[in-house]
Amino acid sequence: MGAFKKIFSDAADEIKKSLEESKDEMRKSLSEMKRSTMAELGMRTTSSKGNSDDDDDDEPRIILGKFSNGVLDIRDDIEELDDESLEDYKNVKMIIFPRGLKKLESEVICDQNKLEDLDFSFVTDLREIPDDFISGTTKIKEFIVPLGVKKLGDGFVGDCKAGTKIVIPSTVEKMGYINGESNNDLLVYLFAPKVKIEDAEEDIKTLYVLPEYYGYYAKQLKDCDSEARLREMPEDILILHANSFAAELAKTP
């Protein structure tokens, strides 16, 4: 283990442990809240669409979970979301994705033009972010890809404003291209050890990587004549996203 990893490995392990304990408590509270919500909703499922003439026009035909004050808290038994899942939800500002989520289809959130925040902190079984996932959604300022995802599709973030932060965990093995509003305006924090970025670099303003892989990514940027700036991962980001960092440390003898 290199000197850099020796400095941060113990801290990363402690923070990871603390994060997991906090998540367990949050999951317990969230589970209770969702059970209560489902009781109020009469246990309607994603496949139950209202056909009654008495249906409220403001009520979603597909009930995904609790929706209050712009926050959509999707219940844990939802495993898949497609491009029509959220079509009846209006004015969504934040989505809390469920622990059971396993699959996302393209353009799930493309029409949610007030969306500001995506919370994947409970998600553990998702392996792919599809093509055009955030395409058309411009108010998101930070996208933290959940740990466990292995593939990021083409245009998985699109039309993001300058300065948008994208955090990519150590589990990612393949990354498609990234779209900003204009060239070279996104900040990407890449924890993945060795990913090909020649198709993704055009809209990256600054690429932050682990020090051990600085040379690897420097060569890629040089080979594709990129204007993106390459920087070592800041210490505060390492600590904040210790789960991704610790996952990479654990794989190294």
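Looking at the stretch 58-122, what strands (runs of 3 or more DSSP E) fall wholly within it and have at least 3 residues that are closer than 25 Å to residue 148 by Cβ?
Answer list for the stretch 58-122: 71-74, 94-96, 117-119.
Somewhere in the stretch 172-185, is a residue among the aromatic types (Phe, Trp, Tyr), touching an Asp or Glu at 6+ places or on another chain (Cβ under 8 Å) and surrounded by fewer than 19 Cβ atoms within 10 Å (Cβ to Cβ)?
no
Checking the condition open to solvent by 10 Å² or more (accessible area, probe 1.4 Å), free of Cβ contacts under 8 Å to residues at least 60 places away in the same chain and in a helix (DSSP H, G or I), which residue from 216, 189 passes?
The conditions single out 216.
The conditions are (1) among the hydrophobic types (A, V, I, L, M, F, W, C); (2) over 26 Å from residue 198 (Cβ atoms); (3) touching a strand residue (DSSP E or B) at 6+ places or on another chain (Cβ under 7 Å), and residue 122 fails exactly one of them. Which is it?
(3)
When both residues are 6+ apart or on different chains and their Cβ atoms are under 9 Å apart, which pairs have a first residue that lies in the stretch 102-121 and is touching a residue at least 60 places away in the same chain (Cβ under 8 Å), and a second that is aromatic (Phe, Trp, Tyr)?
121/97
Mind listing whichever residues of the stretch 135-194 are at pLDDT below 90, within 15 Å of the chain's Cα centre (by Cα) and at positive phi?
155
Mind counting the residues in the stretch 192-207 that are in contact with a Leu (Cβ under 7 Å, 6 or more places away or on another chain), buried (at least 22 other Cβ atoms within 10 Å of the Cβ) and not in a helix (DSSP H, G or I)?
2
Regarding residue 74, is this residue of a type in the set (Val, Ile, Thr) and at pLDDT 95 or above?
The answer is yes for residue 74.
Can you confirm whether residue 153 is of a type outside the set (S, T, N, Q) and either more than 24 Å from residue 93 (Cα to Cα) or surrounded by fewer than 21 Cβ atoms within 10 Å (Cβ to Cβ) (or both)?
Against the criterion (of a type outside the set (S, T, N, Q) and either more than 24 Å from residue 93 (Cα to Cα) or surrounded by fewer than 21 Cβ atoms within 10 Å (Cβ to Cβ) (or both)), residue 153 qualifies.
The values are calculated or read from the model by the stated rules, or taken from the named source; none is laboratory data. Here the structure is a predicted model, which means the values were calculated and not measured. We place every Cβ from the backbone using ideal geometry, glycine too, and count neighbours over all the protein chains shown. To get the accessible areas, we keep the full protein, side chains included, count just its heavy atoms, and leave off ligands, DNA and RNA. Shrake-Rupley method; radii C 1.70, N 1.55, O 1.52, S 1.80 Å.
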